[in-house]
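The values are calculated or read from the model by the stated rules, or taken from the named source; none is laboratory data. Small disclaimer: the values here were computed from a predicted structure and weren't measured. Glycine also receives a Cβ, built like all others from the backbone with ideal geometry; neighbour counts cover every protein chain displayed. Each accessible area value is taken on the protein alone, full model and side chains, heavy atoms only, with ligands, DNA and RNA left out. Shrake-Rupley method; radii C 1.70, N 1.55, O 1.52, S 1.80 Å.
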Amino acid sequence: MIANLIALAVRARWAVLFIFLAIAGLGLWQLTKLPIDAVPDITNKQVQINTVDRRLSPVEMEKLVTYPIETALAGIPGLETTRSISRNGFSQVSAIFSEGTDLYFARQQVGERLTQARDTLPDGVQPQIGPVTTGLGEVVMYTVEYANPDGKGAKIVNGQPGWQSDRSYLTPEGDRLTNAVEQAGFLRTVQDWIVRPQLRAVPGVAGVDSIGGYAKTFVVEPDPVKLSTYGISYSELGEALENANLAVGANYYNRGGEGYLVRLDARVRSVDEIKNAVAATRGGVPITVGQIANVESGGDLRTGAGSVNGKEAVIGTALMLIGQNSRIVAQDVSAKLEQVSKTLPPGVTVKVVLDRSKLVNATVATVQRNLTEGAILVAVALFLLLGNCARR
């Protein structure tokens, strides 16, 4: 049988060569798709529940949020242990499951328990399940920054979006950013509303985290003296601001057999609109917010910051789904960032500061070099030893 097989291989040597090349090519193609990583991921099966409520202290977060959530998770099939941390305005509960538990089944069970536990939590508290990733899921880190900070070296065309001669930045929407807080807030807005949504669509990405900059807010600073003069309380001012920021659908009306939708959009979009909002009426005369308070564009309170080379920056981190190929996901995210950078506002750039694929490729290259050197040394040693035995 072996003799017949060898004879067949000799007669059909071109077919054998073709099959060999096809199998070798398939193997090389699959080799590029192997989930090779620089370090093994030994993270256990876990589901994290994050809750944010800035009104609560660490003790209140523990009593009112963390403990009820831990109690609600008790009894889930496959649950081994739970651990938690409670900080000022923040709670995190980690549910550890057995290795044989399907992760998505565990997340579904946790979600159902959280739905049942919402009635026991303070009003406005919304627990969120963390992304399907691990501590080793950070594959790409990038910065969103100005190509020419403070406009130094930038091509300036006054009136056009970009840096202006007075070192302010003009956004495509026409807003003029005059201070560091507003400019850093614009970078955070670009990250959260332009870059981040597009990266979330990349296959294998579980989520994108943002840090640094300022979340854009409209800051209203009431003047106590003016409030007392006009007889307006802080609660009345708050209600007036809420009423001035509404969007209502007012149904429709028929005309000529056609239905016309009626929509009332009174949401504020600028500082001037807030200043012109009516806070109260005294003697038939409207009192606007701008008459009793200082209104400006600012940044939300923050407890941390991001920096690059000692300077503040907006940093984004792409998180990989569990079980994905970190090298392929990192390469796809980097390629997507190159496309996104072409759609950013003038003077704003995206730079990759950490690419996991480079680390993986360097690790694989080191292993290949070591294996090659080892194979050569073994071959040389065998040749010398066998050659010595042959002479004897």
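Let me confirm something: among Ala293, Ala201, Ala215, Ala266, which residue is in contact with a Leu (Cβ under 6 Å, 6 or more places away or on another chain) and of a type outside the set (Val, Ile, Thr)?
The unique qualifying residue is Ala266.
Would the stretch 204-213 turn up any residue that is buried (at least 17 other Cβ atoms within 10 Å of the Cβ), over 30 Å from Leu321 (Cβ atoms) and under 32 Å from the mean Cα position of the chain (by Cα)?
No, the stretch 204-213 has no match at all.
Just for the stretch 319-353: of the residues that are among the aliphatic types (A, V, I, L, M) and touching a Phe, Trp or Tyr at 6+ places or on another chain (Cβ under 8 Å), which one is farthest from Gly137 (Cα to Cα)? Don't jump to the end; show me each part of the working.
Our first condition is that a residue be among the aliphatic types (A, V, I, L, M); within the stretch 319-353, this holds for 319-322, 328-330, 333, 335, 337, 340, 344, 348, 350, 352-353.
Now narrow it down to the ones that are touching a Phe, Trp or Tyr at 6+ places or on another chain (Cβ under 8 Å): 337, 348, 350, 352-353.
Working: Leu337: 18, Val348: 27, Val350: 21, Val352: 16, Val353: 16 Å.
Across the stretch 319-353, the extreme among qualifying residues is Val348.
Being open to solvent by 20 Å² or more (accessible area, probe 1.4 Å) and either hydrophobic (A, V, I, L, M, F, W, C) or in contact with a His (Cβ under 7 Å, 6 or more places away or on another chain) (or both) is the filter here; which residues of the stretch 104-124 pass it?
Residue satisfying the conditions is Phe105 alone.
Met320 fails exactly one of the following numbered conditions: (1) at pLDDT 85 or above; (2) crowded, with 16+ Cβ neighbours inside 10 Å; (3) farther than 28 Å from Ala38 by Cβ. What is the number of that condition?
(3)
Among the residues of the stretch 256-285, write down those that are under 18 Å from Gly231 (Cβ atoms), open to solvent by less than 70 Å² (accessible area, probe 1.4 Å) and assigned to a strand (DSSP E or B).
The answer is Ala279, Ala280.
Scan the stretch 294-302 and tell me whether some residue there is within 19 Å of the chain's Cα centre (by Cα), open to solvent by less than 80 Å² (accessible area, probe 1.4 Å) and closer than 30 Å to Tyr104 by Cβ.
no
Report whether or not Gly213 is at positive phi and either acidic (Asp, Glu) or in contact with a helix residue (DSSP H, G or I) (Cβ under 6 Å, 6 or more places away or on another chain) (or both).
Yes: the conditions hold for Gly213.
Please tell me if Val144 is under 14 Å from the mean Cα position of the chain (by Cα) and in contact (Cβ under 8 Å) with a residue 40 or more places away in the chain. Steps first, please.
Values: under 14 Å from the mean Cα position of the chain (by Cα): yes; in contact (Cβ under 8 Å) with a residue 40 or more places away in the chain: yes.
Answer is yes for this residue.
Could you tell me whether any residue of the stretch 178-191 is among the acidic types (Asp, Glu), under 30 Å from Asn44 (Cβ atoms) and touching a residue at least 40 places away in the same chain (Cβ under 8 Å)?
Pass one, the stretch 178-191, residues among the acidic types (Asp, Glu): 182.
This time we only want the ones that are under 30 Å from Asn44 (Cβ atoms), so: none.
No: zero hits.
Can you tell me which residue is surrounded by the fewest Cβ atoms within 10 Å (Cβ to Cβ) among those in the stretch 125-181 that are of a type in the set (Phe, Trp, Tyr) and in contact with a Lys or Arg (Cβ under 9 Å, 6 or more places away or on another chain)?
Just the residues of the stretch 125-181 that are of a type in the set (Phe, Trp, Tyr), to begin with: 142, 146, 163, 169.
Restricting the remaining residues to those that are in contact with a Lys or Arg (Cβ under 9 Å, 6 or more places away or on another chain) gives 142, 163, 169.
Details: Tyr142: 26, Trp163: 26, Tyr169: 24.
Top of the filtered list is Tyr169.
Could you give me the residue pairs with C-beta distances under 9 Å whose first residue belongs to the stretch 221-245 and is surrounded by 10 or more Cβ atoms within 10 Å (Cβ to Cβ), whose second residue is assigned to a helix (DSSP H, G or I) and among the aromatic types (Phe, Trp, Tyr) wherever it lies, and which are 6+ apart or on separate chains?
Pairs found: Pro222/Tyr234; Leu227/Tyr234.
Residues are listed down the side, and each one gets a yes or a no for (1) open to solvent by 50 Å² or more (accessible area, probe 1.4 Å); (2) in a strand (DSSP E or B):
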{"position": "Gln183", "(1), (2)": "no, no"}
{"position": "Thr189", "(1), (2)": "no, no"}
{"position": "Asp192", "(1), (2)": "no, no"}
{"position": "Arg196", "(1), (2)": "yes, no"}
{"position": "Ala201", "(1), (2)": "yes, no"}
{"position": "Phe218", "(1), (2)": "yes, yes"}
{"position": "Asn254", "(1), (2)": "yes, yes"}
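This table checks each residue for (1) within 22 Å of Thr303 (Cβ to Cβ); (2) assigned to a helix (DSSP H, G or I).
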residue	(1), (2)
Leu56	yes, no
Leu64	yes, yes
Ser91	yes, no
Ser94	yes, no
Asp119	no, yes
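Just for the stretch 39-63: of the residues that are more than 24 Å from the chain's Cα centre (by Cα) and closer than 24 Å to Gly304 by Cβ, which one is modelled with the lowest pLDDT?
Step one: of the stretch 39-63, the residues more than 24 Å from the chain's Cα centre (by Cα) are 55-63.
Okay, now just the ones that are also closer than 24 Å to Gly304 by Cβ, so 55-62.
Values: Arg55: 86, Leu56: 89, Ser57: 90, Pro58: 91, Val59: 93, Glu60: 92, Met61: 93, Glu62: 93.
Filtering the stretch 39-63 for residues that are more than 24 Å from the chain's Cα centre (by Cα) and closer than 24 Å to Gly304 by Cβ, the one modelled with the lowest pLDDT comes out as Arg55.
What's the total number of residues in the stretch 303-312 that are in a loop (DSSP other than H, G, I, E, B) and either of a type in the set (Lys, Arg) or open to solvent by less than 10 Å² (accessible area, probe 1.4 Å) (or both)?
So the answer is 1.
Considering only the stretch 41-59, state which residues are crowded, with 17+ Cβ neighbours inside 10 Å and farther than 22 Å from Glu99 by Cα.
Residues satisfying the conditions are Thr51, Asp53, Leu56.
With the requirement that a residue be assigned to a strand (DSSP E or B) and either modelled with pLDDT of 95 or more or under 12 Å from Gln48 (Cβ atoms) (or both), what does the stretch 68-89 give you? Before the answer, list the steps.
We begin by selecting, within the stretch 68-89, every residue assigned to a strand (DSSP E or B); these are 79-87.
Thr82, Arg83, Ser84, Ile85, listed by residue number.
Please identify the pairs in which a residue from the stretch 100-123 that is more than 26 Å from Glu60 (Cα to Cα) has its Cβ atom under 8 Å from the Cβ atom of a residue that is basic (Lys, Arg), counting only partners at least 6 apart or on another chain.
Listed pairs, sorted by first residue: Thr101/Lys45; Leu103/Lys45; Ala106/Lys45.
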